[in-house]
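Here the structure comes first, spelled out in structure tokens, and everything after it is commentary.
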Amino acid sequence: MEIMEIFELSQVSRRTLNYLNLARISVETVNIVNGSADKIMVFNRSCTERVFLIEFLKTPQPVVGQMKVNNIRIDVCSKDAARKIINCNSNQFGYGVVHILAHLNKIFYRMDIALGIEMTTLNAMRGILCYPIFRKCYYMQFRGENETLSNEDCEYLLEKAQPATGITIFCKLSPDFNYKKILHFSRLRVPNLGKMPLEDLKVLDSEIANLGNHQFTETDINEFLHHWIKGNSRKLRRLKLDGFKDTPDWDILLKDIVYTEWNPRERGRYYKSKYTVEVETIDCENGMDFRNKDGELATVVHHLEFLDFLIWNNRFPE
């Protein structure tokens, strides 16, 4: 039985809802986005296909029915069983998203939330984010490339949603942004990092960090690599930095570091990095290898416009 069918069946009666709950049906992450489009989406396990969508349409449409969720009724404009879509009007998104999530949480015994907030809608979302259902958030996106994220707004969103795994910040960051507030996330992506100090990079506690539009030079990266070699940043498995369209100056970047070129007997050619669901493969044939004081093997490699610092958990991945 597919997600939309389960959702429809759950509205038949309270007894049916209880039976579904006892069946311990799992669901993949429930994705919520707002802004130019207000949607609740579920994708398949590999995130390659959307399997259910509730969209709150910006242009009002005639009401043709209702859905009953969490003891309230929400007007429905249309249903498309083949495409697995339910359409509602956008004026119901505010309270509708809370009750739909609460209802889904009653159906499925394990449910995570991925939340994408358009920063221009934050004031309207403040009352919604107070509901405890959002504490099931495992990943959060701060959206709005032309918006500037302040310390106050960042702290508010992190406090309300408490994302368990990671965040992406597409916004610009305020000049006084407190980077230390975000450096503990296991997964961290910030395309517009701005002027984060090197000392903050040294306290990065992420496993995978993808940082763009930064101010780090080869000299800064060399200092960070020495910091890692001394046994720091133990959780780190990948640090990806953009801004290297040209090959970096290896003499500066690897100054005073004992390194070797790729040895097929020491490690494989390809490094596999899993961010959340998707797995990225990095060709490390031209990478430079070195170890930290504990013997962990790392590679720094340049590809396209990126510089990747990779630590090998599995030196010979399949």
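The values are calculated or read from the model by the stated rules, or taken from the named source; none is laboratory data. These figures come from a predicted structure and were not determined experimentally. Glycine also receives a Cβ, built like all others from the backbone with ideal geometry; neighbour counts cover every protein chain displayed.
Brief remarks on what is shown
- Pick from the range 229-243, criterion out of contact with any helix residue (DSSP H, G or I) (no Cβ under 9 Å at 6 or more places or on another chain) and surrounded by 13 or more Cβ atoms within 10 Å (Cβ to Cβ), ranking: modelled with the lowest pLDDT: Gly243
Matching residues to (1) surrounded by fewer than 19 Cβ atoms within 10 Å (Cβ to Cβ); (2) at pLDDT below 95; (3) not aromatic (Phe, Trp, Tyr):
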site: Tyr109; (1), (2), (3): yes, yes, no
site: Ile113; (1), (2), (3): no, no, yes
site: Gly127; (1), (2), (3): yes, yes, yes
site: Tyr139; (1), (2), (3): no, no, no
site: Arg143; (1), (2), (3): no, no, yes
site: Glu147; (1), (2), (3): yes, no, yes
site: Ser150; (1), (2), (3): yes, no, yes
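- Filtered residues of the range 85-102 (kept if over 14 Å from Leu57 (Cβ atoms) and surrounded by fewer than 20 Cβ atoms within 10 Å (Cβ to Cβ)): Gly94, Tyr95, Ala102
- Matching residues in the range 30-53 - criterion: being more than 16 Å from the chain's Cα centre (by Cα), buried (at least 17 other Cβ atoms within 10 Å of the Cβ) and not hydrophobic (A, V, I, L, M, F, W, C): Asp38, Lys39
- Residues that are in contact (Cβ under 8 Å) with a residue 40 or more places away in the chain and either in contact with a strand residue (DSSP E or B) (Cβ under 6 Å, 6 or more places away or on another chain) or farther than 22 Å from Leu183 by Cα (or both), drawn from the range 239-258: Leu239, Lys240, Leu241, Asp242, Phe244, Lys245, Thr247, Pro248, Leu253, Leu254
- Residues located in the range 279-307, provided they are in contact with a strand residue (DSSP E or B) (Cβ under 8 Å, 6 or more places away or on another chain), within 22 Å of Leu211 (Cα to Cα) and outside any strand (DSSP E or B): Cys284, Asn286, Gly287
- Any chance Lys160 is part of a helix (DSSP H, G or I) and basic (Lys, Arg): yes
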